[in-house]
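**Student:** Pasting in a structure now, in structure tokens, and then I'll have a few things to ask.
The values are calculated or read from the model by the stated rules, or taken from the named source; none is laboratory data. In this text, all values refer to a predicted model and were calculated from it rather than measured experimentally. FYI the Cβ positions are ideal-geometry reconstructions off the backbone, even for glycines, and counts take in every protein chain you see. Keep in mind that these areas ignore ligands, DNA and RNA; they rest on the heavy atoms of the full protein, side chains included. Shrake-Rupley method; radii C 1.70, N 1.55, O 1.52, S 1.80 Å.
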Amino acid sequence: MSKASPNDSSHTKITIGHFKYTEPKRTGILQQDRKYYIKLTIDDQVRKTSISGRTNTPAWDDMLHFHVCDSSKLILEVFAHHTTWSDKLVGRMDERIDSLVSQQAIFCEMDTGTSKRPLPVIAFTVLRSTDPSAAPEVQHAKDSVAELNDIPFQALLSKADTFVNLVAGLFEVDPYTRAAWSALVVASKVVQDQMNRDEKVKQLLLSLDDLLGFLLEAEALKSFCLDSTGASNLTRSQINNLGQISLQITECAYFISEYAKDVDTVSRTAKHLFSNVDNQIRKYQEKFRDFKSTFQEYGSLVTQLTVLQTRFIAQQTADSVQDIASEIDLNEMLYAEGASCIPEKKCLPGTRQGIIDEIVDWANQPTDDKSAQLLWLSGVAGSGKSAIAHSVAYYFKALKRLGSSFCFDAANQAAQQPHYLFSTISRDLAGCDTLWKQALWDVIKDDQPMRKTHSMQYQFENFLVQPAQRLKMIGPTVIVIDALDECENSVSRERLLAILGTQLSALPRNFRIIVTARPEADISEALQDKPYIQFRDMSSVTLSQTKNDISAFIHNKLDRKTRLHLTQNQHNWCDTLVEQSEGLFQWASTACRFIKQPGPLPYEQFQVLCEDSYTGSQLDNLYHKILEKTFPNPSSVTMKRFKTVMGVLLTVKKPLPRATLGFLCFGVTAEAVVSILEPLAALLNGVTSDSTPIHTLHTSFRDFLMQSHSGIFHIDFGEAHQCLAIACFDIMKMGLHFNICQLETSCIFNANIPKLEDKIQKYIPIHLHYACMFWADHLEHSQPNETLKIECKVWMERQFLYWLEVLSLTGVVDTATSSLEHLAQWIVNNDKETAVMAREGQRFVANFISVIKRSTPHIYISALPFAPEKSPLVKHYLKDFPNIIHVTGGKEKNWSLLRNVSEGHKNSVMAVAYSPDSQHIASASGDKTIRVWDAATGDAVGEPLKGHTDWVAALAYSSNGKHIASGSYDNTIRVWDIVSGHEIHEPLKGHMNWVKAVAYSPDGKHIVSGSLDHTVRVWDAATGHLEYEPWKGHSDSVTVVVYSPDGKYIASGSDDNTIRIWNAATGNTVGEPLNMHRSPIRAVAYSPDSSHIVSGSDDKTIRMWNASTGHVIGDPWKGHTDGVTSVAFSPDGQYVVSGSWDKSIRIWNVATGQAVGEPLNGHMRSVMAVAYSANGGHIASGSNDETIRVWDVVAKEHTVVGMADIGHSPDMQTTRHSNPSHGCTDLLSQPPFVQITTPLPFSPSSFTLKGGWAVSNDKILFWVPFYLHNGLYSPTNTLVIGQNSTHIDYSHFVFDTFWTQCKITC
């Protein structure tokens, strides 16, 4: 360090003085006040103050002068002076001079060389004194010190310290008092550093100081003491009230901190969030007076005090927030029941205290822009991370500062999935505070799909970020996420980590998120080395402290009798267990459970743990020993039984009770299941009860059994899934039947059935519900075999409709399509007939999903009658249900090739594209958004990608499927990250008019775009920079661009009626323009081998070109009756699909140029885009009717229904059918109509259509497909107007309380 010289002009003179030192209350034999002095060192200059009198808050007026440079460092040391032995260093601080001079008045904690809290504090001034003009600065510093004395932080902290130490023995109160101390220290720093003078805060602090002084003088605390057992002489009411007072002090300190920061950043004259501060401070002062009046003598300490807490402050004052909040219903938002932390899993009191205190202190840190928002507690399996997480959650819950806690569990994947996390957190916050509830509701109240969304990105933005932006936060809000590594859904986990690793800064800094997880590769990559994430490794906790904690834990878990027995046989038994644990609490916990198991003597169990029988990790070694002791020399029958039972237990999708597991362990009796589970109480929870869900006590045991080194105890999870799949089919075979819940009438919706939940519990037992929900998941992971093949065939032919009943009644019909998809894919190579039936089942569900969801009886009396008569599935089941309505004429003979319809866009769909793996479809729309859909089910994946400010006209997937490029009428191209939903860089700008087309190069490195500005541009996909000057050549708008699959060329189509080919590397045109079309070009596509180009035009034709020569091949392909908007090659190059303004889709044979089969009809308006899936089995289409449709193109024969009921929301808009003698001219233009050929067996004489349902006297009679609505007249009216009328026979129709007669009885 450079030394300052008085003659060096680059240095300056400073004065340090006005010292005040506050020492925490000391405990022990010698507690009298001491004398102190301060030693200051700067460079080689040493100064000392005078020695103070005896006091614990000495002050000095000494003014000490130094010559310094900006890089000089001050070392300040406080010594306790002794006359008979050496002076003792009691506190130290060091800091650079430049930072001290900028503050002038200093107030900070001192380092004592120990971890003991609270720490001593020092206050002093630092002033430059190089010229006479420093006089005002000196006075200002003196005022600052005087102000510190006015704001009684030194005295207040001293009293708080005394109070903390006084009641430290009361474990019920201790967490609250320590929190109060921590919050006061933070508040003192914030006020010192960021406020000058504020009379409001001074008065509040004086009230707080007065309260603490009063408490210390109260008779109840003056006579307070603890007996030898730790019991106090205070009553339960007194202890509770002390805790409440401490909580109130904490809340007040939080308020002061936030207020101080607010007035520092907002002009005093401006309107800001604390404009009602006077009222808030008045409330705190009133509360303090209430506490004082209550806290008088022993007899008066009976009133239960309440704490004034201010967690949020609304940005705008709302009227009757409490009343409004009480009416808000958030039940549509996902919520993970049972995912929160629980007190039973927290650390033993007194253990892990150091790291818990560290986390608590971190959560209470000042919420500035530099503070970390997330703390990742990392450690190996069994190191105690979860216990610490539960302890911290319990601590902050007691302080009313826990926003939410969420524990992932590998054994409960179905209920605790990642897409439940953010919605659960937000609902928990709403339960804590009505202002958050109101702010959340303001965001989601007008958007029901948003409330139900599974998208984590959308949840994060709308359930957390937006409500937080509407509120001002006071103090910390702690979120605990435990066992993140047990989230096993790889796709969802990747999305969750992306949010945690990159987007938390969007939340207020008051959010303190604590995550525990093993240091797995993806978690480390996402969370390490991030500016707002603090990393804490369990391995950094000293081994000696860990051993002490484990020793205390073991003594607590083993009762006195057990400990005595062990001591009689080996006096150092505890030390042995501690050493064996190698610092793993889970090892100690499991060992204690094993030792305590009834039966063998504790010392015998202890000896087993000390044996060397296995080489592996310490936890694996323990598990192996316990299993060997539990199943010594097992027979082949026992091991088979063990593998079956444990395989089922570890493979089920959610924890199930013992009785239910008995049904799922195929081939194992209930008694045998008990014989396996009960002896494993040391490793499993809930094994002694038939009703408690059983799960492993720790994930490491599951991991052990999955690994081959577990030896004879190894579980083959493929076999376990197969066993479960067979069991599920067997359970459904035995349990499913017609009208399973004994529904009495068909005339009301499921939602209106009285006591439906009671019926479900009575008639659908847990094991049957589980089988209906998860059979397909287990089938998917099973190897093909004859037994399962037969089970699938029988299920499809006998239980399919009854299975739909259960899904309908339990509200999970949306899972049906994916289950049938798993079945079709699993069995297609072994039983094509059953695979076809599964596909038929998918079509049945897709076409009638709204019916199945709303009313279970109408699976039979409404859906079956309108299903195509040639469907093998429908034909098979119809014969069993003769007493339903019969469509006797005009009924479609086959299903539409339509597989599913996706609805959600609010304007025309301009473009569609399959992801490279064909799992998803992306769509671009005039509603300015891009959406992603599940290709198999048609369900939305995530939420719309928003950013464009005008129509989105084009999109393309990158070759790796991670990004989407979109082009818009706002003249920009945007590139999106699929996982996060965020743009990867700024929009690509340069086009001077609408962007009509975009395409990725095959290697994903470039994006090409075409625009109404007549140009083609090529961009660097990673950076967004323009690669070349715009390519010019077209004389009108560029409507389409496409790369050749080999990446060498780019073809562009234009409104100038031509197609141009460009060298992708140079931008030079290749050959002459292709100019045989007579109207604008709307579509261009390359063949998979890059040898041919196909184009579509407004001239209603498609043409094929030789890509090398530019020569047209053959005659134009004709068939469309209006312009061709889109074309695409099949992956094998044998077919081309086209879409047209004429609303149809056509498939063409490339070799002949002839159309294949009939057009695919179904879109109600122009088809704007088509795309082939990677396997060529499906076509996606987008239309001006705002839908995306997916078509099966494997079948050759098809007939398309005008409009399938897929995904339509029953809006219940009423349409009363008019008398046919009126309005006939208008009716002639409507779709086909229904003719009633037989009188209805019911009255009244007319009914009303509501959302597709025929309703009479408020009773639902039957459902009618949407494409027949306009032709449905009242029952007394048989007049048919229109072509292709549909005839319905009602003669055998039974309904209402007779509905069950629709099925023949065997």
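**Student:** Of all residues in segment 35-73, how many are more than 11 Å from K20 (Cα to Cα), touching a residue at least 40 places away in the same chain (Cβ under 8 Å), surrounded by fewer than 17 Cβ atoms within 10 Å (Cβ to Cβ) and in contact with a strand residue (DSSP E or B) (Cβ under 8 Å, 6 or more places away or on another chain)?
**Tutor:** The number of residues fulfilling the criteria is 7.
**Student:** Another question, then. Which pairs do you get when a residue that is β-branched (V, I, T), found in segment 914-927, comes within reach of a residue that is modelled with pLDDT under 90 and assigned to a loop (DSSP other than H, G, I, E, B), reach meaning Cβ atoms under 8 angstrom, with the pair 6+ apart or on two chains?
**Tutor:** I921/A935
**Student:** Taking interchain pairs and intrachain pairs at least six residues apart, which have beta carbon atoms under 7 angstrom, with the first residue in segment 1249-1262 and touching a residue at least 40 places away in the same chain (Cβ under 8 Å) and the second buried (at least 20 other Cβ atoms within 10 Å of the Cβ) and polar (S, T, N, Q)?
**Tutor:** Pairs that qualify, where the first residue is touching a residue at least 40 places away in the same chain (Cβ under 8 Å) and the partner is buried (at least 20 other Cβ atoms within 10 Å of the Cβ) and polar (S, T, N, Q), are I1260/S855; F1262/S862.
**Student:** Among the listed residues I766, I760, I753, which satisfies the condition of being open to solvent by 50 Å² or more (accessible area, probe 1.4 Å) and aliphatic (A, V, I, L, M)?
**Tutor:** Residue meeting the stated conditions: I766.
**Student:** If you don't mind, another one. When residues of segment 525-564 are filtered for being part of a helix (DSSP H, G or I), among the hydroxyl-bearing types (S, T, Y) and within 30 Å of Q503 (Cβ to Cβ), how many remain?
**Tutor:** So the count comes out to 2.
**Student:** Across segment 660-670, which residue is farthest from the chain's Cα centre (by Cα) among those that are crowded, with 19+ Cβ neighbours inside 10 Å and of a type in the set (V, I, T)?
**Tutor:** If we take residues in segment 660-670 being crowded, with 19+ Cβ neighbours inside 10 Å and of a type in the set (V, I, T), then V668 is farthest from the chain's Cα centre (by Cα).
**Student:** Here's another thing I want to ask about it. In segment 549-579, which residues are open to solvent by 30 Å² or more (accessible area, probe 1.4 Å) and of a type in the set (D, E)?
**Tutor:** Passing the criteria: D559, D575, E579.
**Student:** Scan segment 783-794 for residues that are touching a residue at least 40 places away in the same chain (Cβ under 8 Å), open to solvent by 10 Å² or more (accessible area, probe 1.4 Å) and either over 13 Å from L823 (Cβ atoms) or touching a helix residue (DSSP H, G or I) at 6+ places or on another chain (Cβ under 6 Å) (or both) and report the count. Spell out the reasoning first.
**Tutor:** Step one: filter segment 783-794 for residues touching a residue at least 40 places away in the same chain (Cβ under 8 Å), giving 783-785, 787-789, 791-794.
Those left that are additionally open to solvent by 10 Å² or more (accessible area, probe 1.4 Å): 783-785, 787, 789, 791, 793-794.
If we keep only those that are either over 13 Å from L823 (Cβ atoms) or touching a helix residue (DSSP H, G or I) at 6+ places or on another chain (Cβ under 6 Å) (or both) as well, we get 783, 785, 787, 791, 793.
Number of matching residues: 5.
**Student:** Moving to a separate point now. Find all pairs meeting these conditions: Cβ atoms under 9 angstrom apart; at least six residues apart or on different chains; first residue within segment 747-769 and over 27 Å from W1263 (Cα atoms) and among the basic types (K, R); second residue open to solvent by 30 Å² or more (accessible area, probe 1.4 Å) and not in a helix (DSSP H, G or I).
**Tutor:** K762/Q742
**Student:** Between V687, V673, which is assigned to a loop (DSSP other than H, G, I, E, B), within 20 Å of K640 (Cα to Cα) and either open to solvent by 20 Å² or more (accessible area, probe 1.4 Å) or not hydroxyl-bearing (S, T, Y) (or both)?
**Tutor:** The match here is V687.
**Student:** For segment 441-494, give me each residue that is farther than 30 Å from G382 by Cβ and among the small types (G, A, S).
**Tutor:** Correct list: S455, A468, G475.
**Student:** Sticking with this structure for a sec: Can you give me the number of residues within segment 810-842 that are open to solvent by 50 Å² or more (accessible area, probe 1.4 Å), modelled with pLDDT of 90 or more and among the acidic types (D, E)?
**Tutor:** Number of matching residues: 1.
**Student:** Out of all the residues in segment 1079-1088, is one or more open to solvent by 30 Å² or more (accessible area, probe 1.4 Å), without any contact (Cβ under 8 Å) to a residue 24 or more places away in the chain and closer than 23 Å to D917 by Cα?
**Tutor:** Checked segment 1079-1088: no residue is open to solvent by 30 Å² or more (accessible area, probe 1.4 Å), without any contact (Cβ under 8 Å) to a residue 24 or more places away in the chain and closer than 23 Å to D917 by Cα.
**Student:** Being at pLDDT 85 or above and on the phi < 0 side of the Ramachandran plot: is that true of L507 here?
**Tutor:** Here the answer is yes, as L507 does meet what is asked.
**Student:** Being within 16 Å of P916 (Cβ to Cβ) and acidic (D, E) is the filter; apply it to segment 968-1016 and report the residue that is most open to solvent (accessible area, probe 1.4 Å).
**Tutor:** Looking at the filtered set, the residue picked out is D1003.
**Student:** If you take just the strands (runs of 3 or more DSSP E) that sit entirely in segment 902-950, which of them hold at least 2 residues that are open to solvent by less than 40 Å² (accessible area, probe 1.4 Å), of a type in the set (V, I, T) and at pLDDT 90 or above?
**Tutor:** Qualifying strands (runs of 3 or more DSSP E): 909-914, 929-934.
**Student:** Pick from G1071, G1053, G1114: which is assigned to a strand (DSSP E or B), open to solvent by 30 Å² or more (accessible area, probe 1.4 Å) and farther than 19 Å from P1131 by Cα?
**Tutor:** Of G1071, G1053, G1114, the one residue that is assigned to a strand (DSSP E or B), open to solvent by 30 Å² or more (accessible area, probe 1.4 Å) and farther than 19 Å from P1131 by Cα is G1114.
**Student:** Check A521, A506 and return the single one that is over 27 Å from P343 (Cα atoms), open to solvent by 20 Å² or more (accessible area, probe 1.4 Å), without any contact (Cβ under 8 Å) to a residue 40 or more places away in the chain and among the hydrophobic types (A, V, I, L, M, F, W, C).
**Tutor:** One residue alone meets the criteria, A521.
**Student:** Kindly check whether there is at least one residue in segment 1035-1049 that is hydroxyl-bearing (S, T, Y), in a loop (DSSP other than H, G, I, E, B), in contact (Cβ under 8 Å) with a residue 12 or more places away in the chain and closer than 21 Å to D1115 by Cα. Working first, answer last.
**Tutor:** So in segment 1035-1049, the residues hydroxyl-bearing (S, T, Y) come out as 1035, 1037, 1039, 1043-1044, 1049.
Filter once more, so that each one left must be in a loop (DSSP other than H, G, I, E, B): 1035, 1037, 1044.
Next, only the ones that are in contact (Cβ under 8 Å) with a residue 12 or more places away in the chain stay: 1035, 1037, 1044.
Checking which are closer than 21 Å to D1115 by Cα leaves us with none.
Among the residues of segment 1035-1049, not one is hydroxyl-bearing (S, T, Y), in a loop (DSSP other than H, G, I, E, B), in contact (Cβ under 8 Å) with a residue 12 or more places away in the chain and closer than 21 Å to D1115 by Cα, which makes the answer no.
**Student:** Name the single residue, out of those in segment 95-151 being modelled with pLDDT of 80 or more and acidic (D, E), that is surrounded by the most Cβ atoms within 10 Å (Cβ to Cβ).
**Tutor:** Ranking the candidates gives E109 first.
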